[in-house]
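Chemist: Could you have a look at this structure, given as structure tokens, before my questions?
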Amino acid sequence: MELKPYQQSVIDDLATYLGILAEHPDLRKAYKEFWQQKGIAAETYKNNVPGVPHVCVKVPTAGGKTFIAVNALKPIFDAFAAASPTRPQVVVWLVPSLTILEQTVKNLADPQHPYRQKLNALFRNRVQVYERRELLIE
């Protein structure tokens, strides 16, 4: 499964933003510069989690948001590895409902599913999928 052109455009924009962020670690300035380069007057940067870059991908229903997210992991990890090569590569995947959670976990954990196949290709088969209950200490 490969990215469609509009999906690849999202990944390209992400890579551009990460490049700007590497040059300008101030999140607000990097955000502003990214949108200025695109010639767009964007909203003010939302610092939802202090110190963590905010990235939002808006895609219509059935537009491939999960596949875009799968493909976004590699450029994100690569960008942060340049600054901190020993930083663990961990993703917390948040979804809006239990139904989507169950579907996403099933797909990401299934070695035959295209999402998991892409993860395996991007990360040399070094991916583990855990559910919250597996990680909580009781």
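The values are calculated or read from the model by the stated rules, or taken from the named source; none is laboratory data. Computed from a predicted model, the values in this text were never measured in an experiment. Note that each Cβ is placed from the backbone with ideal geometry, even for glycine, and that neighbours are counted across all protein chains shown. When the accessible area is computed, the model is the full protein with side chains, heavy atoms only, and any ligands, DNA or RNA have been set aside. Shrake-Rupley method; radii C 1.70, N 1.55, O 1.52, S 1.80 Å.
Chemist: Using DSSP to call loops (not H, G, I, E or B), can you name the trypsin sites (Lys or Arg not before Pro) in region 66-138 whose Cβ has at most 11 other Cβ atoms within 10 angstrom?
Modeler: Hits after loop and neighbour filter: Arg124, Arg126.
Chemist: How much of Val49 can a 1.4 Å solvent probe reach, expressed as accessible area in Å² and rounded to 10?
Modeler: 80 Å²
Chemist: Straight-line reach from Lys38: which lysines have Cα under 25 Å away, leaving out those fewer than 8 places along the same chain?
Modeler: Once the sequence-local lysines are set aside, what remains near Lys38 is Lys4, Lys29, Lys46, Lys58, Lys65, Lys74.
Chemist: Carbon-plus-sulfur fraction of the accessible area of the chain, 1.4 Å probe, in percent?
Modeler: On the way: 5630 of 10190 Å².
Solvent-exposed carbon and sulfur of the chain make up 55 percent of the total.
Chemist: Which of the chymotrypsin sites (Phe, Trp or Tyr not before Pro) across region 31-83 are loop residues per DSSP, with 12 or fewer other Cβ within 10 Å?
Modeler: Details: sites: Tyr31, Phe34, Trp35, Tyr45, Phe67, Phe77, Phe80; in loops: Tyr45.
In loop regions of region 31-83 (DSSP not H, G, I, E or B), there are no sparsely surrounded chymotrypsin sites (Phe, Trp or Tyr not before Pro).
Chemist: Could you state how much accessible area Tyr130 has, in square angstrom rounded to the nearest 10, with a 1.4 Å probe and all protein chains kept in place?
Modeler: Surface accessible to solvent at Tyr130 totals approximately 130 Å².
Chemist: Express the accessible area of the chain per residue in Å², computed with a 1.4 Å probe while the remaining protein chains stay in the model. Could you put the intermediate results ahead of the total?
Modeler: Working: 10190 Å² over 138 residues.
I get 74 Å² per residue for this part.
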